[in-house]
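Visitor: I'd like to ask some things about the structure below.
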Amino acid sequence: MSPHLFDAIVIGVGGMGSAAACELARRGRRVLALEQFALGHDRGSSHGHTRIIRKAYYEHPDYVPLVCRAFERWYDLEQRQGIHLLTECPCLSIGRADSPMIAGVRISAAQYHLPVEELSGPELRRHFPVFRFGDDYMGVLERSAGFLYVEDCVQAHVCEAVRLGATIQDMEPVVSWEANEREVTVQTTADRYTAARLIITAGPWAGQLLAQRGTFLRVMRQVVQWFGTRDDRLFRRDVFPLYIADTPQGHFYGFPVLNANGAKVAQHYGAPELIYPSEIERTIQPQDEATARAFLREHLPMIDGPRRRASVCLYTLTPDRHFVIDLHPDHANVALAAGFSGHGFKFSSVVGEILADLADHGCTELPIGRFGIKRFV
Ligand SMILES: Cc1cc2nc3c(=O)[nH]c(=O)nc-3n(C[C@H](O)[C@H](O)[C@H](O)COP(=O)(O)OP(=O)(O)OC[C@H]3O[C@@H](n4cnc5c(N)ncnc54)[C@H](O)[C@@H]3O)c2cc1C
């Protein structure tokens, strides 16, 4: 029996922290998870209705086994909580033939025998007539993709963690932590806690909590917007896919129309890299709408209705845009997951499992070799 009240403390209850708390509780660990804001808040990275999940992973084939495991765990969480979280929906990657994104999709699909369909420019227009891309573009359609309801996923992990005995405290910011060989101590604005293990899943605030070990992390403002269409029936998910388009103006992505807000569209990256979340402009600017409308005007002209919703969200970036999931370089009893670089949410179900493995055993059988922190510190 551990001398501590808790076996593990998790700092940050967003996508990754909620999943870690859930998995640790499932394993019978006594977990305390601390969140600085109200649960389900919109100041971090895990809000905005939906997230894409796809297997033909253009960022690197190493992610494919992890995303397959993530799919299983999302379905498992759906069953345990009796809630719908993941909707299957094809994902169309669009780019010129020399697009690194298109090349990346092809490589991952080939390496893992994932069924994808290649569409020439004319075929792309025939299959999806609402898109306007010239003959120099092509598409790769992955039917085994889908999207997650992001807030519902976090809430489901939280509910499952609490059901299994975890203590989750929101509105309690962690101001500092320390670790020695025997234990970890966490100081919040309200109390001081000790445990055998610490897990840091602080999203955009990870750089601050990791101090000199987190100086490589940057945050980036991202804006998602929902626009009315000329005819929502043309953008239903049975006829219109998720899409990611690599254009000379940058990467843009979007979703079918899922509710009365219309079509969700956003640019991926394309904003300055900052050090602190406090530097982020939280209000919507005229340029945000102008950027999205310029993309829509050129490539999806039937999405030209009023803007019905807009939201600011944060990416936490590593220099190579790959994740950090590892033990802390100075403390074997501290695990961390950060720098998801704008593509991490889909993995949160499996990241919870990895973090629980790292906390329990100091290692995991899941393939996380690419995500070591030592490549930066
Ligand atoms: C606009 C947008 C679109 C995206 N699209 C996709 C997509 O389609 N597919 C995909 O897979 N990924 C996507 N992502 C990326 C994905 O959402 C993130 O990688 C993921 O949500 C990161 O989760 P996290 O747990 O690291 O961060 P968060 O969810 O932000 O959680 C961190 C939590 O830690 C808390 N915290 C921080 N410091 C403290 C402290 N000192 N004390 C207590 N609590 C603290 C924060 O308040 C926060 O709740 C997108 C991200 C954005 C912004």
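Visitor: What list do you get for K374, K346 if you sort them by fewest beta carbons within 10 Å?
Guide: K374, K346
Visitor: Would you mind checking which residues have amide H under 5 Å from T188's amide H? H placed 1.01 Å from N; only 5 or more apart, or other chain.
Guide: Those qualifying (amide H under 5 Å, at least 5 residues apart or on another chain) are V175, Y193.
Visitor: Which value, in debye to the nearest 20, describes the size of the charge dipole of segment 78-197 about its Cα centre when Lys and Arg Cβ atoms bear +1, Asp and Glu Cβ atoms bear -1, and nothing else is charged?
Guide: 220
Visitor: Three principal axis extents, largest first, for the C-alpha atoms of the chain, in Å?
Guide: Projected onto the principal axes, the Cα atoms of the chain cover 67, 44, 41 Å.
Visitor: Given +1 on the Cβ of Lys and Arg, -1 on the Cβ of Asp and Glu, and no further charges, what dipole in debye does the chain carry about its Cα centre, rounded to the nearest 20?
Guide: With only Lys, Arg, Asp and Glu charged at Cβ, the dipole is about 500 debye.
Visitor: By how many nm would the segment from R27 to E118 lengthen if fully extended, with 0.36 nm per residue of separation less the alpha-carbon distance?
Guide: 28.5 nm
Visitor: Here's a follow-up. Can you sort C363, C159, C153, C313 from fewest to most other Cβ atoms within 10 Å of each residue's own Cβ?
Guide: Listing C363, C159, C153, C313 from fewest to most nearby Cβ atoms yields C363, C159, C313, C153.
Visitor: Charges on Cβ only, +1 for Lys and Arg, -1 for Asp and Glu, centred on the Cα centroid of segment 1-151; of A25, F131, V64, which one is farthest towards the dipole's positive end?
Guide: A25
Visitor: Could I ask something else about it? How would W205, W177 line up from fewest to most surrounding beta-carbon atoms within 10 angstrom?
Guide: Fewest to most other Cβ atoms nearby, the residues stand as W177, W205.
Visitor: Just to confirm my numbers, what's the Cα centroid distance between segment 299-332 and segment 173-209 in Å?
Guide: 24
Visitor: Something else about it: 222 nm [θ] for the chain, helices only, -39500 (n - 2.57) per DSSP H run of 4+, per residue, to 500?
Guide: Dividing the helical sum by the residues of the chain leaves -8000 deg cm²/dmol.
Visitor: Ranking request for peptides 101-114, 274-287, 255-268: highest mean number of other beta-carbon atoms within 10 Å first, then the rest in descending order.
Guide: Final packing ranking: 255-268, 101-114, 274-287.
Visitor: Here is a follow-up. Taking θ = phi - 60°, what integer Hz values does the Karplus form 6.51 cos²θ - 1.76 cosθ + 1.60 yield along segment 115-122, in sequence order, with x for Gly and Pro?
Guide: Coupling constants for segment 115-122: x, 9, 10, 8, 10, 6, x, x Hz.
Visitor: Let me ask something else. Which of the listed residues, P173, I102, S120, is farthest toward the dipole's positive end in segment 102-180, when Lys, Arg count +1 and Asp, Glu count -1 at the beta-carbon?
Guide: Value: S120.
Visitor: Tell me the Kirkwood radius of segment 217-316: reciprocal of the mean inverse pair distance over distinct alpha-carbon atoms, in Å.
Guide: 14.1
Visitor: Follow-up. For K55, give me every one of the lysines with a C-alpha distance below 25 angstrom, ignoring sequence neighbours fewer than eight places off in its own chain.
Guide: Answer for K55, where 25 Å is the Cα cut-off: K264, K346, listed by chain and number.
Visitor: Using DSSP to call loops (not H, G, I, E or B), can you name the GluC sites (Glu not before Pro) in segment 293-377 whose Cβ has at most 12 other Cβ atoms within 10 angstrom?
Guide: Those that pass, being in a loop and sparsely packed, are E365.
We did not get these values from a lab; they are worked out from the coordinates using the rules stated. On a predicted model such as this, the values are computed, not experimentally measured, just so you know. Every residue, glycine among them, receives a Cβ derived from its backbone with ideal geometry; neighbour counts consider all protein chains shown.
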